[in-house]
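A short worksheet on the structure shown next.
The values are calculated or read from the model by the stated rules, or taken from the named source; none is laboratory data. Treat the numbers as computed from the prediction; the structure is a model and nothing was measured. Note: ideal-geometry Cβ built from the backbone for every residue, glycine included; neighbour counts use all protein chains shown.
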Amino acid sequence: MTVTISWHEASARRLERQFLANPAAEGTTVPDVVSAMLGAHAQVLSAAELSIGVRSTGLTRTDVRAALWEHRSLVKTHGPRGTVHLLPARELPLWTSALTAIPSGAGSFAPGVRVTDEQARQIVAAIGDALDGVCLTIDELSEEVVARTGSWAGDLVMPAFQGLWPRWRQVMHRAGQSGALCFGPDRGRKVTYTRPPHFAPLPATEAVTELLRRYLHAYGPSTPAFFAKWLAAPDGWAGRLFGRLAGDGVIEEVDFEGAPAWVVAGDKEFPSGGWKGVRLLPYFDAYAIAAQPRQSLFPGEAYRRALAGGQAGNYPVLLVDGVTAGVWHQRRQGRRTTVTVEVLGGGELTARQERELTEQVERVGEVLQARPELVLGEVKVGPHA
C-alpha cells in the first residue's frame, strides 16, 4: 500500500533534518551542518554564515571563516545550478563527479561567442594547471589561461555587467564543478582563486545515485522535476534517473499531497503532526530554495511578496509553523544590527511566537557578532538589498 504524506509531515521532517527544528548539538562541526544542507549558497558570504549559524547554538561567522580559510574543511566553489556554494572539502569527490555528470545544454550565448566542448575541456584543464598551488586574481588567471590555450580564449566577446569578458569565463563554473578551481582568500579588495587539494573523484553513476539519495533524505518526498530544478538539470535526465533507481529499489514512490513523489527506499517515517515554531532564514537559504512544492512553502500573499518571479532566496524569510509568514532585513551599523521583520497579510504573532522571534533575532546577532535590535514593521528594501 502506498504511504500518504502531507505537507505538514514532510515539512516537519525536512526542518528536523536541516537542523532547523532543533539546532545542531554541541560538537557538530561547520562541515557537518553544511553537509546536512547539501551546501550553503555563498554568493554573499555573510548570508552563508547566517544559514550555518542559525542551525546551531554556538557557531558564529568566525567559525565559518576559520573552517573556510584556516582549516580548509570547507571549500567555496561552484555547486548546484553553477552558483557559488560552500561545500565540505571531504565531499568534493562526490560533488564534482555528480555535477559534471549532469548533461549541459547548448548555453545562452550566440554561436560566435560559445565555446566548443573541446575548447571547454582545454579551458578547464588550463585553469586547473594555472591554479595548482597558487592564488590568482581573475586578471592573473585570465593571462595564464590564454597562455595555455590560445588567444581565442581571451577574445572579449562575453557580455557581462555593461562590458565584455574574455571567452573563457563562460565555462568558469565548470572548472569549479569539476574540482579545478575554488575561491582563495581575498587579496585586499580583490577576489582570488586557487585549486582544491587533489582528490580521486567517485565513479559518476555512484556519485549521482548518492547525491539523489542525500537530496531525498534532506528534502523528500520529491519529484524528478523538483530535483532537476534544484540542480538546473534537464527534466528528461532527472526523469530517467528516478526511473532507473526506482527499478533498482533505491527509491520508492509515495503519495505526497495527492500526487506521486519519491523517498529513499525504506525512509517512510514522518512526524505525525506539523512543526510549530519561528525561524529566520537569510538570503538564498538552502531550505527556502530546495523545499518543494513552492506554493506550499510560500502560501497566499507570501508567494507574491517573498519570491521574485517565483524564484526563492531573493528575500530573507520568516518561517512560522513551517511556512513563510513574513520577510525580514538586517542592517548593520558598527557593532549593532537592526533586524526589521514584516509579518505578511496584516497578521500578528502570538505572545509565544514573539518570544521565539526575539530569540531568533538574538541568535542572528550572535552569529554576526553584533548587538541586535528587533523592529516589527514594513520591510521597504527590495530583493538582494
Considering every residue within the stretch 201-219, establish whether at least one is surrounded by fewer than 20 Cβ atoms within 10 Å (Cβ to Cβ), aliphatic (A, V, I, L, M) and more than 30 Å from residue 252 (Cα to Cα). no
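Find the residue count for the stretch 258-280, including only residues that are exposed (fewer than 13 other Cβ atoms within 10 Å of the Cβ), closer than 24 Å to residue 23 by Cα and not hydroxyl-bearing (Ser, Thr, Tyr). Let's see the steps before the verdict.
Restricting attention to the stretch 258-280, the residues satisfying the condition of being exposed (fewer than 13 other Cβ atoms within 10 Å of the Cβ) are 258-260, 266, 269, 272-273.
Narrowing further to those that are closer than 24 Å to residue 23 by Cα: 269, 272-273.
Now drop any that are not not hydroxyl-bearing (Ser, Thr, Tyr), which leaves 269, 273.
So the count comes out to 2.
So, residue 77, is that one touching a Cys at 6+ places or on another chain (Cβ under 6 Å) and surrounded by 14 or more Cβ atoms within 10 Å (Cβ to Cβ) or not?
Yes, satisfied.
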- Residue within the stretch 319-334 that is touching a Pro at 6+ places or on another chain (Cβ under 9 Å) and either of a type in the set (Asp, Glu) or in contact (Cβ under 8 Å) with a residue 60 or more places away in the chain (or both) present: yes
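Grab the helices (runs of 4 or more DSSP H) fully contained in the stretch 56-135, keeping just those with 1 or more residues being farther than 28 Å from residue 150 by Cα and touching a Phe, Trp or Tyr at 6+ places or on another chain (Cβ under 7 Å).
The qualifying helices (runs of 4 or more DSSP H) are 92-100.
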Fill in: Meets criteria (under 24 Å from residue 43 (Cβ atoms) and touching a residue at least 24 places away in the same chain (Cβ under 8 Å)) for residue 200
no
Inside the stretch 9-22, the number of residues satisfying the requirement of being surrounded by 18 or more Cβ atoms within 10 Å (Cβ to Cβ) and in a helix (DSSP H, G or I) is 7
For the stretch 73-90, pairs from a residue that is among the hydroxyl-bearing types (Ser, Thr, Tyr) to a residue that is part of a loop (DSSP other than H, G, I, E, B), with Cβ under 7 Å and 6 or more apart or across chains, are 77/181; 83/43
With criteria (1) farther than 24 Å from residue 193 by Cα; (2) over 13 Å from the mean Cα position of the chain (by Cα), residue 36 comes up short on (2)
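Would you check if residue 136 is in the same structural domain as residue 182 (by TED's automatic domain parsing) and either without any contact (Cβ under 8 Å) to a residue 24 or more places away in the chain or more than 29 Å from residue 279 (Cβ to Cβ) (or both)? Please lay out each step first, then the result.
Values: in the same structural domain as residue 182 (by TED's automatic domain parsing): yes; either without any contact (Cβ under 8 Å) to a residue 24 or more places away in the chain or more than 29 Å from residue 279 (Cβ to Cβ) (or both): yes.
When the stated conditions are applied, residue 136 passes them.
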Checking 128, 154, 150 in turn, the sole residue that is buried (at least 16 other Cβ atoms within 10 Å of the Cβ) and farther than 25 Å from residue 96 by Cα turns out to be 154
In the stretch 355-372, anything of a type outside the set (A, V, I, L, M) and surrounded by 15 or more Cβ atoms within 10 Å (Cβ to Cβ) is listed as 356, 360, 363, 365, 366, 372
Checklist entry - Among the residues of the stretch 323-338, is any more than 27 Å from residue 363 (Cα to Cα) and surrounded by fewer than 17 Cβ atoms within 10 Å (Cβ to Cβ)? => result no
Pairs returned, first residue in the stretch 214-238 that is free of Cβ contacts under 8 Å to residues at least 12 places away in the same chain, second residue that is aromatic (Phe, Trp, Tyr), beta-carbon separation under 9 angstrom, 6 or more apart or interchain, are 228/237
Q.
For the structure I just gave you, tell me whether residue 355 is within 25 Å of the chain's Cα centre (by Cα), over 11 Å from residue 280 (Cβ atoms) and among the basic types (Lys, Arg).
A. no
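Would you check if residue 226 is under 19 Å from residue 267 (Cα atoms) and either in contact with a Pro (Cβ under 9 Å, 6 or more places away or on another chain) or surrounded by fewer than 18 Cβ atoms within 10 Å (Cβ to Cβ) (or both)? Break it down stepwise before answering.
Values: under 19 Å from residue 267 (Cα atoms): yes; either in contact with a Pro (Cβ under 9 Å, 6 or more places away or on another chain) or surrounded by fewer than 18 Cβ atoms within 10 Å (Cβ to Cβ) (or both): yes.
In short, yes.
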